[in-house]
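Novice: Have a look at the structure that comes next, please.
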C-alpha cells in the first residue's frame, strides 16, 4: 500500500538512508545538501539506525572515509553539493577505479564563481567522467525511489553511484510522496555481501598500476558501466513490481507522434511537461525525453526516441565552455552519429544557470524556436542561451 508522507527531497533521501540502515556515513555539511546528514545524524542519535556517523573536516575526507569503509566490506554513504563535490574530486576517481559501490546523494548546485548557492548542474556535470553511475530525479518521489534502487545497482556492477536532485527546487520543497514500508525496503535492497573486502583477507586497494596493467583495469571499469544498463532496467522492474512506479533509463513523454522534441534532465522536466500539455491542447505535436540515467548514458534509447522527429533541442543546465555546446548536447550528438541518424536537426539550449528561473513560457519559447527551424529548414546558431540578457 505504501505510506503517504509530505517531505522535502533532502528528508526523503535521509528517510531512504534510515530504512536501508547503512554501516558508515562520512559527512561534511554544504548547502543545499546539509539537511541530509543533519536528518540522518538525528536518526543515529535517536538509535533508529546503528550506522557509524563520522563527522570529518572536509568533503575530501568524507569520501576518503567512505572509501576506507566500503573497502572494509561496509555499506558507506555520503551527501554533498557544488564545491563540496569538487573538493571530493580526487577521491571520486579513486572510489570508481577501486570498484567500490559507495552511494552519494548530490543536491545539485552551481559551482563558484561567481559565488552562487542556487541550482544548476555544473557540479554533477564537472565529474561526469569520474566513473560513477549517475541517476537524476525530476521530483522528490523520484529522488527517494532512485535512492532505494541505487545500492542494488551499484553493488551488482561494483561501481559507486550518485543520486542527483536539484538543489532547493526538490531538495527543500515539500511534496506529497509515497514511502515504501521498512520491511519491504530491507528485503528489496538486501544485505551487502562483497566478494572481496579488507576484513575478509588480503586484497589490494588503490594499487599502483604500471602501463602493463593500467588500461586493462580501465577496460574492466568501462565494461561495468556498459553492464549497468541492464542492471538498472532489472532493478527498476523489481521496483515496479513492489511499488507500481515505473522507471527506465529515459522517460518518453508525448513522443509517439512528436515532430518537435526537447531532451532535458532533472526538475525542469516537470515545467516542460506542463508546457507540452498546453501546446498539445492547441494541436502542436511536441514531446519530451527526460534522461534519468546520465551514467551509463542511454545513447541507443535516445537515438531511437528521436528518429522520427523533425527537430530537437537539448536543454543543458550547465555549460562546457568549449565554444559550441553543453555536456548533454555533446552526448546526444554522439549518440545520433553512432546510430547513423542524419536527421533530425538539433540545437543546444543552455538554461537555468545559477538558478535562473525556468518558466512554462521559457519552454514554449524553445518550442517556438524549433518551429521556426521546421518552417525555414535553417538551424542557424546551434549553441544558444535561454532567457539571458545578451
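The values are calculated or read from the model by the stated rules, or taken from the named source; none is laboratory data. If you're wondering where the values come from, they're calculated on a predicted model, not measured in any experiment. Here Cβ is always computed from backbone atoms with ideal geometry, including for glycine, and neighbour counts include all displayed protein chains.
Novice: So residue 352 ticks every box in (1) out of contact with any helix residue (DSSP H, G or I) (no Cβ under 6 Å at 6 or more places or on another chain); (2) under 23 Å from residue 255 (Cα atoms); (3) crowded, with 21+ Cβ neighbours inside 10 Å but one. Which box is left unticked?
Specialist: So residue 352 meets the others, but not (2).
Novice: Residue 231 - would you say it is modelled with pLDDT of 95 or more, surrounded by 16 or more Cβ atoms within 10 Å (Cβ to Cβ), over 15 Å from the mean Cα position of the chain (by Cα) and outside the structural domain of residue 349 (by TED's automatic domain parsing)? If you could, list the steps in order and put the result at the bottom.
Specialist: Details: modelled with pLDDT of 95 or more: yes; surrounded by 16 or more Cβ atoms within 10 Å (Cβ to Cβ): yes; over 15 Å from the mean Cα position of the chain (by Cα): yes; outside the structural domain of residue 349 (by TED's automatic domain parsing): yes.
Against the criterion (modelled with pLDDT of 95 or more, surrounded by 16 or more Cβ atoms within 10 Å (Cβ to Cβ), over 15 Å from the mean Cα position of the chain (by Cα) and outside the structural domain of residue 349 (by TED's automatic domain parsing)), residue 231 qualifies.
Novice: Oh, and also: Restricting the search to region 61-82, which residues are crowded, with 18+ Cβ neighbours inside 10 Å and part of a helix (DSSP H, G or I)? Before you say what the answer is, go through the steps one by one.
Specialist: Start the filter on region 61-82 by keeping residues that are crowded, with 18+ Cβ neighbours inside 10 Å, which leaves 61-67, 69-71, 74-82.
Listed by number, the residues that qualify are 61, 62, 63, 64, 65, 66, 67, 69, 70, 71, 82.
Novice: Within region 323-344, how many residues turn out to be without any contact (Cβ under 8 Å) to a residue 40 or more places away in the chain and surrounded by fewer than 18 Cβ atoms within 10 Å (Cβ to Cβ)?
Specialist: Summing the residues that are without any contact (Cβ under 8 Å) to a residue 40 or more places away in the chain and surrounded by fewer than 18 Cβ atoms within 10 Å (Cβ to Cβ) in region 323-344 gives 9.
Novice: Then there is this: Every residue in region 95-113 that is modelled with pLDDT of 95 or more, more than 10 Å from residue 160 (Cα to Cα) and surrounded by fewer than 24 Cβ atoms within 10 Å (Cβ to Cβ), please.
Specialist: Matches in region 95-113: 111 only.
Novice: On the phi < 0 side of the Ramachandran plot and within 15 Å of the chain's Cα centre (by Cα): does that describe residue 197?
Specialist: no
Novice: For region 258-272, enumerate the residues that are within 18 Å of residue 302 (Cβ to Cβ) and surrounded by fewer than 20 Cβ atoms within 10 Å (Cβ to Cβ).
Specialist: Once the filter is applied, which keeps residues that are within 18 Å of residue 302 (Cβ to Cβ) and surrounded by fewer than 20 Cβ atoms within 10 Å (Cβ to Cβ), region 258-272 yields only 259.
Novice: Of all residues in region 355-364, how many are touching a helix residue (DSSP H, G or I) at 6+ places or on another chain (Cβ under 6 Å) and within 15 Å of residue 266 (Cβ to Cβ)?
Specialist: Going through region 355-364 one residue at a time, the tally reaches 2.
Novice: OK, next. What is the number of the single condition among (1) under 13 Å from residue 311 (Cβ atoms); (2) outside the structural domain of residue 278 (by TED's automatic domain parsing) that residue 349 does not meet?
Specialist: Residue 349 satisfies every listed condition except (2).
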